[in-house]
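First comes the structure, then the notes that go with it.
Every number here is computed from the coordinates shown, using simple stated rules; none is lab data. No experiment lies behind these values; they were computed from the predicted model shown. Backbone-built Cβ (ideal geometry, glycine too); neighbour counts: all protein chains shown.
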Amino acid sequence: MGSTLLSAAPSGTFSSTIRRRLPLVGAFCMLSLGITNLYTPLSSSCNTPSKFSGATRSIRMEASNNNTVPSIVVYVTVPNREAGKKLAESIVKEKLAACVNRVPGIESVYQWKGEIQTDAEELLIIKTRQSLLQALTEHVKANHEYDVPEVISLPITGGNLKYLEWIKESTRE
């Protein structure tokens, strides 16, 4: 959690300073390392047991499964809560996604027009069909106040079968 550092004070005595690391940094590292350890290539068997499968029913996204469709997670950042709520609701209303999670309180550091910028933002985590990425991107661009909104997608390679079926049922074709 924290580590104690001893440093010499100007008077020659030692003082202890406690450094604390943000829980988010540790969580991000665990999430990043954990996801890479869970990955199994799509060519492997659909029902290969893993130490993480437990009692949950999971699948690999394969063309042979008629109850699911290739699905993705899409990240979009927005400048504030109001913009996030408005965009998330319009995406779900248009059936461009089954679900949008709104994650407040992120800070983005980026370069824009030759200057380093730091802004408070909200992150939208969008679950949808892969086939809807272009329509979703166009919707975001048309309804976003940024000149160049972030729209990046990651494939969903497996998960809870019922949830993946729900993504298919909750989105347009």
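Below 14 Å, Cα to Cα, which aspartates and glutamates can residue 113 reach? Residues fewer than 8 away in the same chain don't count.
Candidates past the 8-residue exclusion: 147.
Over 22 Å between Cα atoms: which of 141/162; 127/162; 127/168; 86/141; 95/141; 85/162 fall into that group?
Details: 141/162 31 Å; 127/162 14 Å; 127/168 10 Å; 86/141 14 Å; 95/141 16 Å; 85/162 26 Å.
141/162; 85/162, as the Cα separations exceed 22 Å there.
Hey, can you grab everything whose amide H is under 5 Å from the amide H of residue 77? Only 5+ residues off in sequence or another chain; H modelled, so Pro and N-termini drop out.
124, 150
Would you kindly state how much longer the chain becomes between residue 95 and residue 141 on full extension, computed as 0.36 nm times their sequence separation minus their alpha carbon distance, in nm to one decimal? Walk me through the intermediate numbers first.
On the way: separation 46, 0.36 × 46 = 16.56 nm, distance 1.65 nm.
Full-extension gain reported as 14.9 nm.
For residue 143, what is the net charge nearby, where nearby means another residue's Cβ is under 11 Å from its Cβ and Lys, Arg count +1, Asp, Glu -1? Spell out each step's value before the answer.
On the way: positive: 86, 141; negative: 89, 94, 138, 145.
Spelling it out: positives minus negatives among the neighbours equals -2.
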